[in-house]
1. Among rounded, prolate and oblate, which fits the stretch 83-199 when a ≥ b ≥ c are the square roots of the eigenvalues of its C-alpha gyration tensor, a/c under 1.5 means rounded, and a/b larger than b/c means prolate?
2. Write down the percent of antiparallel bridges among all DSSP beta bridges whose residues are both part of the chain, to the nearest 5.
3. What share of all Cα pairs of the stretch 39-112, in percent, falls into each consecutive 5 Å distance bin?
4. Quick one: what does P(r) look like for the chain with 5 Å bins over all Cα pairs, in whole %?
5. Cβ neighbours within 10 Å, averaged per peptide: list 128-140, 168-180 in order, most packed at the top.
6. So how do 5-17, 68-80, 110-122, 193-205 stack up, highest first, on mean other-Cβ count within 10 Å?
7. For the pair residue 6 and residue 88, how long in nm is the line joining their label points, each one 7 Å along Cα→Cβ?
8. Can you give the calculated 222 nm mean residue ellipticity of the chain, where each DSSP H run of n ≥ 4 adds -39,500 (n - 2.57) and the sum is split over every residue, rounded to the nearest 500 deg cm²/dmol?
Amino acid sequence: MQTSSTPFRLGLTGGIGSGKSTVGQMLVDAGAALIDADAISRSVTAPGGSALSAIAQAFGLDFITTEGALDRDRMRTLVFSDASAKQRLEAIIHPLVSLATKAQAQAATTAGHKLLVFDVPLLVESGRWRAQLDGVLVVDCETDTQIKRVMARNGLSQGAVEGIIHAQATRSQRVQAADWVIFNDALSLDDLRAHVHQIMRDLSCKV
Ligand code: ATP
């Protein structure tokens, strides 16, 4: 149950190049706290990360680089061909990500934020986030627009961007999981900001 001192926990997701980060920054500019699930996931397996000793115990030191981080290439190769290894890795990483996420959310709540935005690119795909959120905002756009934006931003080929898009949830799967959708196609940045502010007003958060 939401109370005046309990912030609203908004999940933010969308396909590659849809404009999630742009929307996330607009929410932050308007007073929200942003919690970046990808950055947290990377940090637990970076040098000194909280998952490393358990990974070394479960998989051996061969999976730790000389810098003391998870050897992502080696692990990717293993989990690609071994579903039980993938489960063991996730059983180590997910609780640590969850702990770090809760700690960041608590710090933002203590700092007085009324809106916590959880930027989770694979929110729909992973399925484990929804129960921890009060609502989901999906940023959507045409597939052609995604391709053009990511080719321009990352210098990737059309085929490479299409490959990433096909590995993600479909637009309709994402939209079905949404409480709010921003269709960020042919929208100016000012118009996009106006949509973001309208959602914050819907949530009774300051703009
Ligand atoms: P990724 O999944 O790759 O992290 P993303 O969903 O976070 O992508 P952004 O990085 O926010 O997407 O946007 C992709 C690119 O499109 C960026 O270069 C951004 O500046 C641009 N962009 C997004 N929305 C608009 C818009 N309404 N008008 C102009 N440019 C936009």
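The numbers here are math on the coordinates, done by the rules we state, and not lab data. Remember, it's a predicted structure, so these values are computed and weren't measured experimentally. All Cβ positions, even for glycine, are placed from backbone atoms using ideal geometry, and neighbour counts span all protein chains on display.
1. Taking the square roots of the gyration eigenvalues as a ≥ b ≥ c, the stretch 83-199 is oblate.
2. Values: 1 of 19 bridges.
Percent antiparallel among DSSP bridges in the chain is about 5.
3. Over the stretch 39-112, the share of Cα pairs per 5 Å bin runs 3, 16, 25, 24, 14, 8, 5, 4, 1, 0 percent.
4. 1, 7, 14, 16, 17, 16, 14, 9, 5, 2, 0
5. Numbers: 128-140: 18.2, 168-180: 16.0.
Going from most to least packed, we get 128-140, 168-180.
6. Descending mean neighbour count gives 5-17, 110-122, 193-205, 68-80.
7. 4.0
8. The helix contribution divided over the chain gives -16000 deg cm²/dmol.
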